[in-house]
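Okay, so here's the structure we're looking at.
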Amino acid sequence: MSALPIAAVALDKDGVTFDSERIYADALLSTLRALSKPYPEPEALAARCSGESSTATAAILQAALGDTVDMKVFFADWFARRDAIIEAHGVPFMPGADALIERLYAEGYPLALVSADDEENVLADFQRSAKPELLQCFSVVITAGNVAKTKPDAEPYLRAAAYLGVDTARMLAVEDSAVGVQAALAAGCPTLLFAADAAPPAATAQAVLRVIRHHDEVWEFLS
């Protein structure tokens, strides 16, 4: 357990609440492979973009692909491929995420959704999910447009805690990326790292309170 009792919970969106990180990554890989001059290590490049904001992702991709690739055209192709995947399969919750949100809300925990994504994408993901009403469980939603500096900066978590009226030391953060973990820890949040499918980087795993494999473990931690 953390040193202080937990008074609120903050969840990341992509890869914690929704299985959207995989959708974005699959669409990005497809876009990279479709370039006239394919990038030699697309998986590694896609991994570097995980958890980053749109602005940071664009900078990473531009630096890797060079100035000959028009980022507006690239992003349009990427998001068209993303939307095609979503149209075919929807935006699924991570296994157990919807049940966790419902339980935390029912038990009276104030909830924050803290994302580096844009607000329109957050709203669209809920609208295209099986339970769009779960958005109402969150007392505050922090997106890239609400802060001067998004993850890995501490500001998103600091703003979420301030809105909820709790000290960051009492707001549990659940993240799935090194970028998100860095932001949560910088804000002073006790942090769990959700790593369902792959072993996380050792440094990231050592920095958090616990590495979890399923959302049930969040409730176990709180109990």
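Here are a few things to note about the model shown:
- Of all residues in the range 148-170 being of a type in the set (A, V, I, L, M) and more than 14 Å from Ala187 (Cα to Cα), the one that is farthest from the chain's Cα centre (by Cα): Leu164
- Selected residue (criterion: surrounded by the fewest Cβ atoms within 10 Å (Cβ to Cβ)) from residues of the range 30-43 that are not in a loop (DSSP other than H, G, I, E, B) and not acidic (Asp, Glu): Arg33
- If you go through the range 103-121 and pick out every residue that is modelled with pLDDT of 95 or more and open to solvent by less than 70 Å² (accessible area, probe 1.4 Å), you end up with 9.
- All positions within the range 130-162 that are among the polar types (S, T, N, Q) and not in a loop (DSSP other than H, G, I, E, B): Gln136, Asn146
Here is a yes/no grid of residues against (1) in a helix (DSSP H, G or I); (2) open to solvent by 30 Å² or more (accessible area, probe 1.4 Å):
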{"position": "Tyr24", "(1), (2)": "yes, yes"}
{"position": "Leu45", "(1), (2)": "yes, no"}
{"position": "Gly51", "(1), (2)": "no, no"}
{"position": "Ile86", "(1), (2)": "yes, no"}
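- Entirely in the range 163-223, the strands (runs of 3 or more DSSP E) that have 3 or more residues that are without any contact (Cβ under 8 Å) to a residue 40 or more places away in the chain: 191-194, 210-212
- Extreme residue, farthest from Gln136 (Cα to Cα), among residues of the range 97-120 that are among the hydroxyl-bearing types (Ser, Thr, Tyr) and not in a helix (DSSP H, G or I): Ser115
The values are calculated or read from the model by the stated rules, or taken from the named source; none is laboratory data. Note that the structure is a prediction, hence the values are computed from the model and not measured. Cβ atoms come from the backbone with ideal geometry, glycine included; neighbour counts cover every protein chain shown. We work out accessible area using only protein heavy atoms, side chains counted, and drop any ligands, DNA or RNA first. Shrake-Rupley method; radii C 1.70, N 1.55, O 1.52, S 1.80 Å.
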